[in-house]
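The values are calculated or read from the model by the stated rules, or taken from the named source; none is laboratory data. The model shown is predicted, which means the values in this text are computed figures rather than measured ones. Cβ placement follows ideal geometry from the backbone for every residue including glycine, while neighbour counts extend to all protein chains displayed. When the accessible area is computed, the model is the full protein with side chains, heavy atoms only, and any ligands, DNA or RNA have been set aside. Shrake-Rupley method; radii C 1.70, N 1.55, O 1.52, S 1.80 Å.
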Amino acid sequence: MAELHVSEHPLVRHKLSLLRQSSTEPKKFRDLVRELAIVLAVEATADLALQDEPVTTPLAEMTGAKVAERVGLVPILRAGLGMVEGVWDLIPGAEVWHIGLYRDERTLRPVEYYNKLPVQPTVDVCLVLDPMLATGGSAVATIDILKRWGARRVKFVGIIAAPEGVQRLREAHPDVPIHVAAVDDHLNEHGYIVPGLGDAGDRQFGTA
Ligand code: URA
(Lines give C-alpha, C1' and ligand atoms only; values in the text may rest on other atoms or scores of the structure.)
Protein backbone atom coordinates (compact mmCIF):
# COMPACT_ATOMS: atom_id res chain seq x y z
CA MET A 1 0.00 0.00 0.00
CA ALA A 2 1.33 3.43 -0.93
CA GLU A 3 2.72 5.49 1.94
CA LEU A 4 0.56 8.46 2.91
CA HIS A 5 2.49 11.35 4.49
CA VAL A 6 0.39 14.11 6.00
CA SER A 7 2.69 16.93 7.05
CA GLU A 8 2.53 17.91 10.67
CA HIS A 9 4.87 20.85 10.26
CA PRO A 10 3.45 23.83 12.19
CA LEU A 11 4.18 26.19 9.28
CA VAL A 12 2.25 23.90 6.94
CA ARG A 13 -0.76 23.85 9.24
CA HIS A 14 -0.64 27.62 9.67
CA LYS A 15 -0.28 28.36 5.96
CA LEU A 16 -2.93 25.81 5.02
CA SER A 17 -5.49 27.56 7.22
CA LEU A 18 -4.71 30.88 5.49
CA LEU A 19 -5.02 29.13 2.12
CA ARG A 20 -8.44 27.75 2.95
CA GLN A 21 -9.84 31.14 4.02
CA SER A 22 -12.25 32.29 1.35
CA SER A 23 -11.11 35.91 1.94
CA THR A 24 -7.50 35.10 0.88
CA GLU A 25 -6.87 36.96 -2.39
CA PRO A 26 -5.20 35.39 -5.46
CA LYS A 27 -1.76 36.99 -4.87
CA LYS A 28 -1.61 35.77 -1.28
CA PHE A 29 -3.10 32.43 -2.36
CA ARG A 30 -0.32 31.96 -4.96
CA ASP A 31 2.35 32.85 -2.39
CA LEU A 32 0.93 30.30 0.04
CA VAL A 33 0.73 27.56 -2.62
CA ARG A 34 4.36 28.27 -3.48
CA GLU A 35 5.49 28.20 0.18
CA LEU A 36 3.53 25.05 1.02
CA ALA A 37 4.89 23.32 -2.07
CA ILE A 38 8.44 24.03 -0.89
CA VAL A 39 7.94 22.51 2.57
CA LEU A 40 6.06 19.52 1.19
CA ALA A 41 8.75 18.95 -1.45
CA VAL A 42 11.44 19.08 1.24
CA GLU A 43 9.60 16.30 3.05
CA ALA A 44 8.98 14.32 -0.15
CA THR A 45 12.65 14.41 -1.18
CA ALA A 46 14.07 13.36 2.20
CA ASP A 47 15.19 10.03 0.70
CA LEU A 48 17.04 11.33 -2.37
CA ALA A 49 20.31 9.49 -2.88
CA LEU A 50 23.55 11.40 -2.29
CA GLN A 51 27.08 11.01 -3.57
CA ASP A 52 30.29 12.33 -2.04
CA GLU A 53 31.40 15.71 -3.32
CA PRO A 54 34.80 17.27 -2.53
CA VAL A 55 34.45 20.73 -0.98
CA THR A 56 37.10 23.35 -0.27
CA THR A 57 36.03 25.65 2.54
CA PRO A 58 38.13 28.74 3.39
CA LEU A 59 39.76 26.57 6.08
CA ALA A 60 40.06 23.01 4.82
CA GLU A 61 39.28 20.33 2.30
CA MET A 62 36.34 18.12 3.21
CA THR A 63 33.95 15.62 1.73
CA GLY A 64 30.53 17.09 1.20
CA ALA A 65 27.48 15.71 -0.55
CA LYS A 66 25.71 16.12 -3.85
CA VAL A 67 22.25 14.86 -4.85
CA ALA A 68 22.88 11.89 -7.11
CA GLU A 69 19.39 11.62 -8.63
CA ARG A 70 17.85 13.65 -11.43
CA VAL A 71 14.47 15.05 -10.46
CA GLY A 72 11.55 15.76 -12.77
CA LEU A 73 8.65 18.02 -11.81
CA VAL A 74 5.35 17.15 -13.45
CA PRO A 75 2.61 19.68 -12.65
CA ILE A 76 -0.94 18.63 -13.38
CA LEU A 77 -2.48 21.50 -15.39
CA ARG A 78 -3.60 23.96 -14.48
CA ALA A 79 -3.57 24.19 -10.68
CA GLY A 80 -0.28 22.27 -10.36
CA LEU A 81 1.56 25.09 -12.16
CA GLY A 82 1.51 27.18 -8.98
CA MET A 83 3.54 24.52 -7.16
CA VAL A 84 6.36 24.44 -9.72
CA GLU A 85 8.20 27.68 -9.04
CA GLY A 86 8.91 27.10 -5.35
CA VAL A 87 10.00 23.50 -5.85
CA TRP A 88 12.14 24.54 -8.80
CA ASP A 89 13.90 27.16 -6.65
CA LEU A 90 14.61 24.37 -4.19
CA ILE A 91 15.84 21.95 -6.89
CA PRO A 92 17.10 24.26 -9.65
CA GLY A 93 18.47 21.40 -11.72
CA ALA A 94 15.07 19.71 -11.96
CA GLU A 95 13.45 19.22 -15.35
CA VAL A 96 9.83 20.33 -15.70
CA TRP A 97 7.61 18.16 -17.87
CA HIS A 98 4.05 19.16 -18.75
CA ILE A 99 1.35 16.62 -19.44
CA GLY A 100 -2.04 18.02 -20.37
CA LEU A 101 -5.19 16.03 -19.63
CA TYR A 102 -8.85 16.93 -19.90
CA ARG A 103 -11.86 14.98 -18.77
CA ASP A 104 -14.09 13.65 -21.56
CA GLU A 105 -17.58 14.75 -20.55
CA ARG A 106 -19.15 11.63 -22.07
CA THR A 107 -16.85 8.91 -20.73
CA LEU A 108 -15.61 10.96 -17.71
CA ARG A 109 -12.16 9.54 -18.47
CA PRO A 110 -9.00 11.69 -18.70
CA VAL A 111 -7.85 12.31 -22.28
CA GLU A 112 -4.25 13.35 -23.02
CA TYR A 113 -3.94 16.52 -25.13
CA TYR A 114 -0.31 17.53 -24.46
CA ASN A 115 2.74 15.36 -23.88
CA LYS A 116 6.26 16.20 -25.01
CA LEU A 117 8.11 13.63 -22.91
CA PRO A 118 11.24 12.47 -24.76
CA VAL A 119 11.48 8.84 -25.86
CA GLN A 120 13.75 7.80 -23.01
CA PRO A 121 13.30 8.82 -19.36
CA THR A 122 15.72 11.62 -18.46
CA VAL A 123 15.07 11.71 -14.71
CA ASP A 124 15.31 9.25 -11.81
CA VAL A 125 12.52 10.62 -9.60
CA CYS A 126 9.32 12.34 -10.74
CA LEU A 127 7.35 14.61 -8.42
CA VAL A 128 3.77 14.89 -9.66
CA LEU A 129 2.40 18.23 -8.44
CA ASP A 130 -1.29 19.00 -7.95
CA PRO A 131 -2.67 20.98 -5.00
CA MET A 132 -5.91 18.97 -4.94
CA LEU A 133 -6.10 15.16 -4.96
CA ALA A 134 -9.86 14.96 -5.47
CA THR A 135 -11.14 11.91 -7.40
CA GLY A 136 -7.56 10.91 -8.20
CA GLY A 137 -8.40 10.49 -11.90
CA SER A 138 -5.84 12.98 -13.25
CA ALA A 139 -3.13 11.84 -10.86
CA VAL A 140 -3.61 8.18 -11.79
CA ALA A 141 -3.65 8.99 -15.52
CA THR A 142 -0.53 11.18 -15.25
CA ILE A 143 1.35 8.50 -13.33
CA ASP A 144 0.20 5.88 -15.87
CA ILE A 145 1.83 8.01 -18.59
CA LEU A 146 5.03 8.50 -16.56
CA LYS A 147 5.34 4.77 -15.87
CA ARG A 148 4.74 3.88 -19.54
CA TRP A 149 7.53 6.39 -20.28
CA GLY A 150 9.79 4.37 -17.99
CA ALA A 151 9.82 6.49 -14.82
CA ARG A 152 11.05 4.23 -12.04
CA ARG A 153 10.32 6.36 -8.98
CA VAL A 154 7.26 8.60 -8.79
CA LYS A 155 5.92 10.57 -5.84
CA PHE A 156 2.72 12.60 -5.59
CA VAL A 157 2.96 15.98 -3.86
CA GLY A 158 -0.30 17.79 -3.16
CA ILE A 159 -1.80 20.15 -0.61
CA ILE A 160 -5.25 18.75 0.20
CA ALA A 161 -6.48 15.23 -0.54
CA ALA A 162 -9.93 13.67 -0.34
CA PRO A 163 -10.07 10.15 1.13
CA GLU A 164 -11.58 9.02 -2.21
CA GLY A 165 -8.55 10.32 -4.14
CA VAL A 166 -6.08 8.76 -1.74
CA GLN A 167 -7.82 5.40 -2.06
CA ARG A 168 -7.95 5.55 -5.86
CA LEU A 169 -4.30 6.55 -6.20
CA ARG A 170 -3.18 3.94 -3.70
CA GLU A 171 -5.09 1.19 -5.51
CA ALA A 172 -3.79 2.17 -8.95
CA HIS A 173 -0.20 2.93 -7.90
CA PRO A 174 0.66 1.29 -4.58
CA ASP A 175 4.33 2.17 -5.07
CA VAL A 176 3.73 5.93 -5.28
CA PRO A 177 4.08 7.74 -1.93
CA ILE A 178 1.55 10.53 -1.36
CA HIS A 179 2.69 13.74 0.38
CA VAL A 180 0.00 16.23 1.38
CA ALA A 181 -0.72 18.88 3.99
CA ALA A 182 -4.16 17.47 4.88
CA VAL A 183 -6.67 14.73 4.14
CA ASP A 184 -10.12 16.31 4.30
CA ASP A 185 -13.52 14.85 5.01
CA HIS A 186 -15.08 13.98 1.66
CA LEU A 187 -15.77 14.91 -1.96
CA ASN A 188 -19.11 16.55 -2.66
CA GLU A 189 -21.41 15.71 -5.58
CA HIS A 190 -19.61 18.30 -7.74
CA GLY A 191 -16.20 16.74 -7.13
CA TYR A 192 -15.05 19.44 -4.67
CA ILE A 193 -13.11 18.50 -1.56
CA VAL A 194 -14.95 19.43 1.66
CA PRO A 195 -14.01 21.52 3.60
CA GLY A 196 -11.18 22.05 1.07
CA LEU A 197 -10.48 25.49 -0.33
CA GLY A 198 -12.69 25.70 -3.41
CA ASP A 199 -11.23 25.63 -6.92
CA ALA A 200 -7.44 25.82 -6.56
CA GLY A 201 -7.02 26.88 -10.21
CA ASP A 202 -9.56 29.70 -10.04
CA ARG A 203 -8.22 30.92 -6.73
CA GLN A 204 -4.64 31.10 -8.04
CA PHE A 205 -5.42 32.59 -11.41
CA GLY A 206 -8.18 34.96 -10.27
CA THR A 207 -10.77 33.33 -12.52
CA ALA A 208 -13.38 32.49 -9.88
N1 URA B 1 -10.06 20.64 -7.68
C2 URA B 1 -10.10 21.80 -6.98
O3 URA B 1 -9.52 22.79 -7.40
N4 URA B 1 -10.78 21.82 -5.83
C5 URA B 1 -11.43 20.75 -5.33
O6 URA B 1 -12.01 20.84 -4.25
C7 URA B 1 -11.38 19.56 -6.08
C8 URA B 1 -10.69 19.53 -7.25
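Expected output is a single nm value to one decimal: the length gained when fully extending between Gln167 and Ala46, i.e. 0.36 nm times separation in residues minus the C-alpha distance. What is it?
Working: separation 121, 0.36 × 121 = 43.56 nm, distance 2.37 nm.
Computed gain between Gln167 and Ala46 is 41.2 nm.
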Length released on extending from Asn115 to Asp31, taking residue separation times 0.36 nm less the Cα-Cα span: 27.5 nm
Rg and Dmax of the chain, Cα atoms only, in Å: 17.6, 67
Axial C-alpha extent at least 20 Å, average Kyte-Doolittle at least 0.0 - helices from the chain (DSSP): 26-44
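Which order do the peptides 13-20, 32-39, 182-189 take when ranked by the mean count of other beta-carbon atoms within 10 Å per residue, highest first?
On the way: 13-20: 16.0, 32-39: 22.0, 182-189: 14.5.
Ranking the peptides 13-20, 32-39, 182-189 by packing returns 32-39, 13-20, 182-189.
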Scattering curve values for the range 1-74, log₁₀ I(q)/I(0), Debye with Cα scatterers, q = 0.15 Å⁻¹: -0.74
Extension gain, Thr57 back to Glu189 (0.36 nm per residue minus Cα-Cα distance, nm): 41.6 nm
Accessible solvent surface per residue of the chain, calculated while the other protein chains remain in place, 1.4 angstrom probe, Å²: 53
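Looking only at the range 109-208, where both bridge partners belong to it, what percent of the DSSP beta bridges are antiparallel (to the nearest 5)? Don't skip to the end; give the middle numbers.
Numbers: 2 of 13 bridges.
So the antiparallel bridges amount to about 15 percent of the total.
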The chain - percent of accessible surface contributed by carbon and sulfur, probe 1.4 Å: 53
